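Heads up, the thing below is written out as structure tokens.
Computed from the coordinates by the stated procedures, all read-outs in this text should not be read as laboratory data. Just so we're clear, the structure is a prediction, and the values are computed from it rather than from any experiment. Ideal geometry is used to build each Cβ from the backbone, glycine not excepted, and the neighbour counts take in all protein chains shown.
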Amino acid sequence: MVDELPRGPNFFSVVYACQLNNGGIETGDGNRFRGRGFIQITGQANYQTMVQNKWNQVHGAGTKDFMCRSTECDKNLDEIANDLDFSMLISLTFWKAGNTNEKAKIVNKKAIEDVTEAVNGMQIGIDNRTLYTNRAYEILK
């Protein structure tokens, strides 16, 4: 029996290998392009479209590279979580790209599933998400 969840770069490199335009385990892309920021942007494809492209629009092309694969360049990736304004901008961009507001206008099982699919691409954790969404909705209404 495992007492602790696996952690560290090797874990993410295995879990996210060959998904969302990430390379194989040996590339380290799974760790490099792991979930960061408010909405946990994950995968090389999402980093390109949601992170790099948004940075370029706001700050100008060539001012920061989030896509290169080097230790020095990897330091830029910390900005996704540490720069709260930029993290929120990325999250809102991702939310809008998935047409998520339309899906979230009402709170019911189908809407929760649709929002989950738009944000996560799959239904992992849907039971807890449904429970907590319904609780939050009851508190806020």
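Numbers below:
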| read-out | value |
| --- | --- |
| Degrees between helix 71-82 axis and first principal axis of the chain (Cα, 0 to 90, nearest 10) | 20 |
| Karplus (6.51, -1.76, 1.60) ³J(HN,Hα), θ = phi - 60°, over segment 46-58, in Hz, Gly and Pro reported as x | 6, 4, 5, 7, 9, 9, 4, 5, 5, 4, 4, 5, 7 |
| Principal-axis tilt of helix 84-97 within the chain, Cα atoms, nearest 10 degrees | 60 |
| Hydrodynamic radius by Kirkwood, which averages 1/r over all alpha carbon pairs of the chain, in angstrom | 16.5 |
| Contour excess over end-to-end distance, with Cα ends at LYS75 and TYR132 and 0.36 nm allotted per residue | 17.1 nm |
| Reach of LYS109 by Cα under 16 Å, taken over aspartates and glutamates that are not fewer than 8 positions away in the same chain | GLU117, ASP127, GLU138 |
| Sites matching trypsin sites (Lys or Arg not before Pro) across segment 6-79 that sit in DSSP coil, with at most 12 neighbouring C-beta atoms within 10 Å | ARG7 |
| The chain: calculated mean residue ellipticity at 222 nm from DSSP helix runs of at least 4, using -39500 (n - 2.57) | -15500 deg cm²/dmol |
| Crossing angle, helix 126-140 versus the chain [Cα axis fit, 0-90 degrees, rounded to tens] | 60 |
| Cut-off under 5 Å, modelled amide H: who pairs with ILE41 long-range | ARG36 |
| Residue-wise HN-Hα coupling along segment 24-37, computed from phi with Karplus coefficients 6.51, -1.76, 1.60 (Hz; x: Gly, Pro) | x, 3, 5, 6, x, 4, x, 6, 4, 10, 6, x, 9, x |
| Lysine pair number, Cα distance threshold 30 Å (strictly under), segment 52-105, separation 8 or more or different chains | 9 |
| Cα-based radius of gyration of segment 98-141 once divided by 2.2 N^0.38 Å, which approximates compact folds | 1.07 |
| Most positive-pole-ward Cα, ASN101, THR116, ASN134, against dipole of segment 98-141 from beta carbon charges | ASN134 |
